[in-house]
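Read-outs: derived from the displayed coordinates by stated rules, not from any lab. Bear in mind the structure is a predicted one, so any value in this text is a computation, not a measurement. Here Cβ is always computed from backbone atoms with ideal geometry, including for glycine, and neighbour counts include all displayed protein chains.
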Amino acid sequence: MIRDPIFAMQGWYPYDRAAAEHELSLYLKSDRTPTPAVAVIAPHAGWAYSGRTAGKVYADVVVPERVAAFCPMHRAGGPPVAVWTSGAWRTPLGDMAVDEEFTAALLKRTPLAREDFPSHLSEHAIEIHLPFIQARNAKARLAPIRLGRLRYEDCRELGQAVAETIRRAKGDTLLLASTDMSHEGDMRIVEENDRLARERVLALDAMGLMDVVEARDITMCGFIAVAVVIEAALALGATKATGLAYATSAEISGRTDYIVGYFGARLDR
């Protein structure tokens, strides 16, 4: 089954290959030498808003032969852990194959995961990353996982199942948590809540992140994806997290009546 680049067609990023490659070349400029990471966290808004932040993340890491991508459920529908298991995701840069062996193994390893295609069709939060991944490794394969609301215990269980699947898989895997930060109409709230959430991420504290998001009602859409990835990364030996970039939509739009925060980080052993 082929998933078309639905959100490129809607203008979230260039549908034309040459235009996409040009924008990517600007976002991925860096003086740093990329190094392997266990996981990354990167935003998923339209490239005009989050592309610079995402680019700093992908320019900093080696993208291996497999990316296990976790994203939130922006629109209702589908199981809480929805795995696209086969075929490919088409982008302006070409098709990115789904790692069918990996997704099949994950489904066998945890009852939380379910095969599901339709819910991914309305979700932009993995698609928006794929050209960045392809620009860094044209042969990388994808394991797309869309997450609904999970308890911390479920996040931990799923993270451990993902880690075990990675340990048993052939080749290297990069974990990706796709998230934007606060969505608010007050810059003070955005800055304070995003600071609190980033602190928990950088402490590799998945439970603490979920607690502060709930206690402060932080409008961080992908905090479940980040929690799962933190738990998986810890099970794989991660010991530190490094923030790579932070920005807000106000820096692009000039609007302060509705602001979205964008954060990029890497997790390493």
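Just to verify a result, which residue in the stretch 1-34, among those that are touching a residue at least 40 places away in the same chain (Cβ under 8 Å) and of a type in the set (Val, Ile, Thr), is farthest from residue 115 (Cα to Cα)? This residue is 6. Do we have any residue at all in the stretch 115-126 that's of a type in the set (Asp, Glu) and closer than 18 Å to residue 224 by Cβ? There is at least one residue in the stretch 115-126 that is of a type in the set (Asp, Glu) and closer than 18 Å to residue 224 by Cβ.
Somewhere in the stretch 204-216, is a residue part of a helix (DSSP H, G or I), within 16 Å of the chain's Cα centre (by Cα) and in contact (Cβ under 8 Å) with a residue 24 or more places away in the chain? Yes, because at least one residue in the stretch 204-216 is part of a helix (DSSP H, G or I), within 16 Å of the chain's Cα centre (by Cα) and in contact (Cβ under 8 Å) with a residue 24 or more places away in the chain. The requirement of being touching a strand residue (DSSP E or B) at 6+ places or on another chain (Cβ under 9 Å), of a type in the set (Phe, Trp, Tyr), within 24 Å of residue 204 (Cα to Cα) and buried (at least 22 other Cβ atoms within 10 Å of the Cβ) is fulfilled nowhere in the stretch 79-86; no residue meets it.
Got a sec? Which of 132, 102 is closer than 20 Å to residue 262 by Cα and not charged (D, E, K, R)?
132
I'd like the residue in the stretch 234-269 that is touching a Gly at 6+ places or on another chain (Cβ under 8 Å) and in a helix (DSSP H, G or I) and, out of all such residues, is surrounded by the most Cβ atoms within 10 Å (Cβ to Cβ). Among those that are touching a Gly at 6+ places or on another chain (Cβ under 8 Å) and in a helix (DSSP H, G or I), it is 234.
If we scan the stretch 147-168, do we find a residue that is over 26 Å from residue 247 (Cα atoms) and free of Cβ contacts under 8 Å to residues at least 40 places away in the same chain? There is at least one residue in the stretch 147-168 that is over 26 Å from residue 247 (Cα atoms) and free of Cβ contacts under 8 Å to residues at least 40 places away in the same chain.
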